[in-house]
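Each remark here refers to the structure printed beneath this line.
The values are calculated or read from the model by the stated rules, or taken from the named source; none is laboratory data. Fair warning: this is a prediction, and the values are worked out from it, not measured in the lab. Positions of Cβ are generated from backbone atoms using ideal geometry, with glycine treated the same way; all protein chains shown enter the neighbour counts.
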Amino acid sequence: MPLNTSFRDQRHLGVLLGRWCAILALAVNLSACVKRTIIIESEPSGADVFVNHDTTATGQTPVEIPIHWYGAYRFRLVKNDYEELTAHELIRAPFYERLPVDLISEHLLPQELEDRHRFRYTLAPYSDSPTAHRLEESDTARRARLSADLNASEPIQKRRALMELAAHQDTSMLGAIEQRLVDDDPIVRAVAIRTYRLTAGAEAAKRIAVMLQDSDARVRAQAAGELRVMAPRETAPFLLLSLNDKDRSVRAVVVEALGAIGDPRAVEPIGRSLRDRDAGVRRSAAEALGRLGDRRAVPALTRALRDRNLIVRRRAVIALRRLGDPSAVEALIRALRDRDSQTRDTAALAIEELSDTSAVPVLMEALDSRRAVVRHTAVKSLSKLNAPEAASALQQRLQRESNPLIKADMISAIERWERQTENAP
């Protein structure tokens with residue numbers, strides 16, 4: 001008999017602790033309590049850093065990069081007069097970012113944790129650096145030397161010459177640079193695209209757009225990346241044709257370029273990219289639709305809230321928050337049940353920021369949810385929307401509500417609406 005009583009007492013204690021933990025999580029109402037960053041340094045500093053398949057530099061060393069996911073990363077460092085360096089790193093999640101400990105680190109700790117991963121690389125100078133020559137030679141001699149290097153048989157000489165020309169942006173060498181766009185070596189062609197864009201400026205857009213049809217995926221990705229930086233609207237038709245490129249990294253950069261251009265013709269094609277078999281393409285598509293700011297993207301983005309990839313769901317809910325369309329409220333309420341805390345938090349903010357009362361009926365239905373976070377968000381959103389028509393629904397639900405924090409918010413909203421009614425003329 002004592003054993004049974006002890007068991008019941010323990011079970012009762014467990015239920016009480018569970019309830020208090022839920023209340024504490026709502027009370028603290030903190031999100032993103034872990035700051036995750038990668039720090040890339042180099043000797044010497046000032047190297048352009050390219051992450052994974054990106055063709056646009058994230059920044060120059062020393063650079064701090066936010067961590068969106070844990071796993072394998074590739075870093076490429078490029079600096080004039082130094083050999084290009086590529087490093088592969090595996091970034092592992094710390095113990096407090098793993099279930100179930102992440103529930104505490106994300107929501108219950110009063111201070112922010114920092115998860116930093118620092119990498120430092122030493123760049124090797126070219127054996128025959130052109131820097132010393134630049135200080136002594138005339139412009140004529142320099143152009144003659146670079147012209148000879150551009151026509152050399154070794155691809156490395158051509159690449160060095162193109163990198164130096166990118167730094168000088170000498171328009172008198174445009175013809176020689178353009179010739180390298182059809183070089184036999186694909187890496188030379190890729191470097192030539194960047195040099196051509198830096199030297200020719202806006203006039204380079206259409207010629208670079210043609211490179212989207214190159215036989216090598218690295219060249220096509222480089223071309224899309226340069227168009228992403230330039231964002232010329234006249235190249236949108238070329239990019240739209242490349243959305244079906246056979247290489248996933250090319251498709252991802254093409255989607256990003258279309259998002260940067262902002263052409264409304266891209267909304268539906270990018271929406272279809274949210275069904276791409278590659279998660280990286282879907283991530284880029286969700287972000288691009290948010291940047292386009294077109295409400296026609298809402299159906300595709302709401303479907304993406306069910307994507308199996310965590311980052312796709314995060315970017316989709318961020319995009320929906322930017323759009324602020326009340327037709328997405330039902331999907332956003334479902335997102336409050338997502339297993340990822342950032343997705344849930346962003347969905348809650350998106351619902352609260354809605355300024356259209358057409359969302360009221362769906363929010364009133366959410367008051368009957370079994371999940372406290374859904375009910376709490378619905379109450380806060382109804383209060384912010386200033387929807388006195390929900391007062392009777394809150395009054396009825398108030399008697400059944402067991403969570404003291406939600407009950408307090410209900411009472412506060414009802415009292416405010418009553419005061420408004422009394423003061424109305």
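Can Ile270 be described as among the aliphatic types (A, V, I, L, M), over 19 Å from the mean Cα position of the chain (by Cα), closer than 30 Å to Ser358 by Cβ and outside any loop (DSSP other than H, G, I, E, B)? In short, no. Of the residues in the stretch 139-147, none is exposed (fewer than 14 other Cβ atoms within 10 Å of the Cβ), hydroxyl-bearing (Ser, Thr, Tyr), assigned by TED's automatic domain parsing to the domain that holds Val49 and modelled with pLDDT of 80 or more.
This table checks each residue for (1) surrounded by 14 or more Cβ atoms within 10 Å (Cβ to Cβ); (2) part of a helix (DSSP H, G or I); (3) without any contact (Cβ under 8 Å) to a residue 40 or more places away in the chain.
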residue	(1), (2), (3)
Val373	yes, yes, no
His376	yes, yes, no
Val379	yes, yes, yes
Gln396	no, yes, yes
Glu418	no, yes, yes
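Given the residues Glu353, Glu287, which is the only one that is buried (at least 16 other Cβ atoms within 10 Å of the Cβ) and either touching a Lys or Arg at 6+ places or on another chain (Cβ under 6 Å) or of a type in the set (Asp, Glu) (or both)? The conditions single out Glu287.
Among what's in the stretch 167-177 and is without any contact (Cβ under 8 Å) to a residue 60 or more places away in the chain and in a helix (DSSP H, G or I), pick the residue that is farthest from Glu203 (Cα to Cα). If we take residues in the stretch 167-177 being without any contact (Cβ under 8 Å) to a residue 60 or more places away in the chain and in a helix (DSSP H, G or I), then His168 is farthest from Glu203 (Cα to Cα).
Only a single criterion out of (1) in the same structural domain as Arg197 (by TED's automatic domain parsing); (2) more than 19 Å from the chain's Cα centre (by Cα); (3) not basic (Lys, Arg) is not satisfied by Ala224, namely (2). The one condition from (1) outside any loop (DSSP other than H, G, I, E, B); (2) more than 17 Å from Ala221 (Cα to Cα); (3) not basic (Lys, Arg) that Ser45 does not meet is (1).
Looking at the stretch 170-192, which of the residues that are among the β-branched types (Val, Ile, Thr) and in contact with a Pro (Cβ under 9 Å, 6 or more places away or on another chain) is farthest from Arg76 (Cα to Cα)?
Narrowing the stretch 170-192 to residues among the β-branched types (Val, Ile, Thr): 171, 177, 182, 187-188, 191.
Filter once more, keeping what is in contact with a Pro (Cβ under 9 Å, 6 or more places away or on another chain): 187-188.
Details: Ile187: 14, Val188: 16 Å.
Result: Val188.
Any residue in the stretch 402-415 that is of a type outside the set (Lys, Arg), exposed (fewer than 14 other Cβ atoms within 10 Å of the Cβ), in contact with a Pro (Cβ under 8 Å, 6 or more places away or on another chain) and farther than 21 Å from Asp345 by Cβ? Scanning the stretch 402-415, I find no residue that is of a type outside the set (Lys, Arg), exposed (fewer than 14 other Cβ atoms within 10 Å of the Cβ), in contact with a Pro (Cβ under 8 Å, 6 or more places away or on another chain) and farther than 21 Å from Asp345 by Cβ, so the answer is no.
Quick check on the stretch 294-306. Is at least one of its residues in contact with a helix residue (DSSP H, G or I) (Cβ under 7 Å, 6 or more places away or on another chain) and outside any helix (DSSP H, G or I)? Lay out the reasoning, then the answer.
Pass one, the stretch 294-306, residues in contact with a helix residue (DSSP H, G or I) (Cβ under 7 Å, 6 or more places away or on another chain): 294-298, 300-302, 304-305.
Pick out the ones that are also outside any helix (DSSP H, G or I) and you get 294, 305.
Yes, the stretch 294-306 contains at least one residue that is in contact with a helix residue (DSSP H, G or I) (Cβ under 7 Å, 6 or more places away or on another chain) and outside any helix (DSSP H, G or I).
Checking the structure you have, find out if any residue of the stretch 250-258 is over 26 Å from the mean Cα position of the chain (by Cα) and under 28 Å from Asn80 (Cα atoms). Checked against the condition, which is being over 26 Å from the mean Cα position of the chain (by Cα) and under 28 Å from Asn80 (Cα atoms), the stretch 250-258 yields no hits at all.
When Ile156 is tested against (1) hydrophobic (A, V, I, L, M, F, W, C); (2) modelled with pLDDT of 90 or more; (3) in a helix (DSSP H, G or I), exactly one condition is not met: (2).
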